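Here's the structure we're looking at; comments come further down.
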Amino acid sequence: MALFETLSPMLKQILSVIIIIVLIFLGLKIVKKVISVAILVAIALVILYYFGWLF
């Protein structure tokens, strides 16, 4: 029982670290998607502005 009590906090720490890593990984994927979409929109706006379709 004492072994389990000493192991439990370690397992909680390991689990929390894994969860944080997964969240960071997912966050980075979302950020990459948002940035790529923003770049595409910016390029489209520049092209429209350049050809005078926007204004």
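The values are calculated or read from the model by the stated rules, or taken from the named source; none is laboratory data. Predicted model only: the values in this text are computed from it and were never measured. Note: ideal-geometry Cβ built from the backbone for every residue, glycine included; neighbour counts use all protein chains shown.
Pairs only if they're at least six apart or on different chains, beta carbon under 7 angstrom, first in the stretch 14-37 and free of Cβ contacts under 8 Å to residues at least 12 places away in the same chain and surrounded by 10 or more Cβ atoms within 10 Å (Cβ to Cβ), second outside any helix (DSSP H, G or I) and not small (Gly, Ala, Ser); list them, first residue then second.
none
Going by the structure shown, is ILE47 at pLDDT 90 or above and hydrophobic (A, V, I, L, M, F, W, C)? Don't jump to the end; show me each part of the working.
Values: at pLDDT 90 or above: no; hydrophobic (A, V, I, L, M, F, W, C): yes.
No: the conditions fail for ILE47.
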